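J.: I have a structure I would like to understand better, so I am pasting it below and will then ask my questions one at a time.
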Amino acid sequence: MHDMLPDGEDLRRAVKWIAGCLQENPGQPLPPLVQEAVFKFDLSPRDADFLIDLYRREKREG
């Protein structure tokens, strides 16, 4: 079933999962969340970099 997901679906799920975790506990450090998401959603190193950059930008702009 995992192979049937469209490209990028795992990354979208990871973004939603991290957002939910941060909503529950806003003080959580980001690196452990990204690391857990990488394993949980089988993400590439490029996807991990994207997640880190996304939340860094969000934090700066927010």
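Taken together, the values in this text are just the output of simple stated rules run on the coordinates, not laboratory data. Keep in mind it's a predicted model, so treat the numbers as computed, not measured.
J.: Give the angle, between 0 and 90 degrees and rounded to the nearest 10, that separates the Cα long axis of helix 30-40 from the longest principal axis of the Cα atoms of the chain.
T.: Tilt relative to the chain: about 10 degrees.
J.: Give me the angle, in degrees from 0 to 90, between the Cα long axis of helix 9-24 and the longest principal axis of the Cα atoms of the chain, rounded to the nearest 10.
T.: 30 degrees
J.: Taking the chain as the reference, fit the longest principal axis to its C-alpha atoms, fit the long axis of helix 45-61 to the helix C-alpha atoms, and give the angle between the two in degrees, 0 to 90, nearest 10.
T.: Relative to the chain, helix 45-61 is tipped by roughly 30 degrees.
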